[in-house]
1. Using a 10 Å Cβ count of at most 16 others and DSSP loop calls, identify the longest part of the chain lacking such chymotrypsin sites (Phe, Trp or Tyr not before Pro).
2. Would you mind classifying the range 104-218 by shape? Square roots of the alpha carbon gyration tensor eigenvalues, ordered a ≥ b ≥ c; an a/c under 1.5 is rounded, otherwise it is prolate if a/b is larger than b/c and oblate if not.
3. Could you calculate the contour length gain from residue 228 to residue 171, that is, 0.36 nm times the residue separation minus the distance between their Cα atoms, to one decimal place in nm?
4. I need the Kirkwood Rh of the chain: take the reciprocal of the average 1/r across all distinct C-alpha pairs and report it in angstrom.
5. Can you list, largest first and rounded to whole Å, the semi-axes you get for the range 210-327 by taking the square root of 5 times each eigenvalue of its Cα gyration tensor?
6. Considering Cα pairs under 8 angstrom that are at least six residues apart, work out the relative contact order of the chain and quote it in whole percent.
7. According to a simple spin-label model (label point 7 Å from Cα along Cα-to-Cβ), what is the distance in nm between residue 68 and residue 29?
8. Is the range 242-298 best put as rounded, prolate or oblate by its Cα gyration tensor, with a ≥ b ≥ c the root eigenvalues, rounded for a/c under 1.5, and otherwise prolate when a/b is larger than b/c, oblate when not?
Amino acid sequence: MKYRHLGKTGIRVSELSFGSWVTFHNQADVKLAQNMMAAAYDEGVNFFDNAEVYAGGKSEQVMGDALKKLKWRRGSYLVSTKFFWGLHDGINEKNTLNRKRLIEGINGSLERLQLDYVDLIYCHRPDATTPIEETVWAMHNIIEWGKAMYWGTSEWSAAEITQAIEIAERHHLHKPVVEQPQYNMFERKRMEGEYARFYKDYNYGSTIWSPLASGLLSGKYQKGIPADSRGALKGYDWLKDSLTNKEKLAKVAALEPIAQELGCKLSQLALAWCLKNPFVSTVITGASRVEQVTENMKASEVVDKITPEIMEKIDVIFGVKKDEDDD
Ligand code: NDP
């Protein structure tokens, strides 16, 4: 496993990490979660991603119970959580980044995770109704109280992040250091467009999500939706259109010869492709079984095999044209 600095922080994250969205509690009980986390950790993964809202708080409970059983040295791994949607419908408790909610949020997450602190806290989405200054102060305070080490954003615009950084600089507060955007062969606009200049200027970190586009890029949806896949889960009907989209499936099929040429699985090609982007600090993988973790962790070995010619071939498949004079 290779490690990359999380933006300009002193922290190094494994280039492949492991997250619990959809899977923990819905597909994985504590035992399976423990086994998958152990498989990842044994391969060198040191970052485990979670969020308050995942499975309505149960995902944090499952990870907390698994961590308790795993008994790893606390210094040897990083855990994150995120706030925005909340767990209750109260007027000040959902879709917000207000100070009260963030502080209640971190206290609840630490209780469910059974940890003294988390390493990273994210503002899971921007909140247009709370002044960014209020959010920056709350995140700063949470860090000062030792309940988190660093803070970041998820799916914020470059302009919003810049504003948060500037507010923090003005008041000598802890600045956000990392963004968590979606990034995969289908979803590249933000990482390769809006954020590219921003990452360069600020050396901001990125922990990217859904690298397999919810499993689509593993090739498992080529013949319909398998009964034991995310696409067949109750409550995830909204994913079906994307997972059965003919144009998308044709692109995945066109990747198959490239994976064959490299002697790897489609999933490994798709994960390794994300790692070719130097602004990616870590690719957060997801899995519903141990075998997937083992397969995905081998993606690290594929990165160096992806030559500029192969990157170009992939761009052609996805209809992407790169700027000629882009340095
Ligand atoms: P992926 O796009 O990689 O999808 C993971 C799913 O694909 C697995 O649960 C599994 O689903 C399937 N899969 C994984 N590996 C394989 C394989 N080798 N072969 C076949 N199928 C495979 O990632 P996620 O969408 O899960 O996102 C990863 C993490 O990113 C999340 O856990 C979360 O931590 C974070 N995230 C953050 C968001 C944010 O807003 N900040 C939003 C979404 C995710 P199955 O077996 O059930 O088909």
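1. Values: sites that count: 72, 85, 145, 236, 318.
Segment 146-235 is the longest.
2. Numbers: a/c = 2.17, a/b = 1.27, b/c = 1.70.
The shape class here is oblate.
3. Working: separation 57, 0.36 × 57 = 20.52 nm, distance 5.07 nm.
Going from the current span to full extension adds 15.4 nm.
4. Details: mean 1/r = 0.0495 Å⁻¹.
Final number for the Kirkwood radius of the chain is 20.2 Å.
5. On the way: eigenvalues 119, 58, 37 Å².
Its equivalent ellipsoid spans semi-axes of 24, 17, 14 Å.
6. On the way: 560 pairs, mean separation 59.2, N = 327.
So the answer I get is 18 percent.
7. Using points 7 Å along Cα→Cβ, the separation is 1.6 nm.
8. Numbers: a/c = 1.40, a/b = 1.30, b/c = 1.08.
Cα axes put the range 242-298 in the rounded bin.
The values are calculated or read from the model by the stated rules, or taken from the named source; none is laboratory data. These numbers come from a predicted model, not from an experiment. Neighbour counts run over all protein chains shown; Cβ positions are idealised from the backbone, glycine included. What goes into the accessible areas is simple: the full protein's heavy atoms, side chains included, and nothing from ligands, DNA or RNA. Shrake-Rupley method; radii C 1.70, N 1.55, O 1.52, S 1.80 Å.
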